[in-house]
Amino acid sequence: MLKAILLVGLGSAGGGILRFLIGKWTHSLIATSFPLGTMIVNILGCFIIGLIYSIFSKNSAADANMQLLLATGFCGGFTTFSSFMHENYVMLENGNFLQLALYTILSIVLGMLALYLAIYLTRN
């Protein structure tokens, strides 16, 4: 278990650092209030996690530790949006349309409400 935690932590640190660097680099190229860096990271993260899961699903000898390092760790630290999108893809592929709709809508709506609640509670 300790090895898995360390792999996820190492991958997450790398992903978080790269996310930070891409955000800074994007903002230095194009100074805008639009969150372009975050959008780029989210889209890139979706592509990367798609590659990782596709490669691991085709290779039965693939190392579970590498999947922890890259998918859970790196992509998780880079962006959780990639995990969110992969989970949506799996539900779509399995025909779980109601579950897909509920998960997507509830994640966005409840996430926004939680954010607003936290801001409201800390302003008073």
| message | Using a 1.4 Å probe on the protein heavy atoms, what percent of the accessible area of the chain belongs to carbon and sulfur? | response | 73 percent
| note | Extend 7 Å from the Cα of L106 along its Cα-to-C-beta direction; within region 75-89, residues with backbone N under 18 Å of that point are 84-89
| request: Before anything else, pin down the relative contact order of the chain: Cα pairs under 8 Å, at least 6 apart, normalised by residue count, whole percent. | output: 34 percent
| field | Reduced Cα scattering model of the chain, Debye log10 I(q)/I(0), q = 0.16, 0.18, 0.22 Å⁻¹ | value | -0.97, -1.11, -1.23
| task | Counting only heavy atoms of the protein chains, get the accessible area per residue of the chain (1.4 Å probe) and round it to a whole Å² value. | result | 70 Å²
| task | Could you rank the peptides 80-93, 41-54, 109-122 by their average count of other C-beta atoms within 10 Å per residue, with the highest value first? | result | 41-54, 80-93, 109-122
| said: Checking understanding here: applying a Kyte-Doolittle mean of at least -1.0 and a length along the axis of at least 24 Å (C-alpha), which whole DSSP H helices in the chain pass? | reply: 2-29, 36-58, 97-123
| note | The simple spin-label model distance between L2 and T80, using points 7 Å out along Cα→Cβ, in nm, is 2.8 nm
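So how do M66, M1 rank on accessible area, 1.4 Å probe, biggest first, that is with the largest at the start?
The ranking, largest first, comes out as M1, M66.
The values are calculated or read from the model by the stated rules, or taken from the named source; none is laboratory data. All of these numbers come straight from a predicted model, not from anything done at the bench. Using ideal geometry, Cβ is built from the backbone for each residue, glycine included, and neighbour counts are taken over all protein chains shown. Remember, those area values only see protein heavy atoms, side chains included, never the ligands or the DNA or RNA. Shrake-Rupley method; radii C 1.70, N 1.55, O 1.52, S 1.80 Å.
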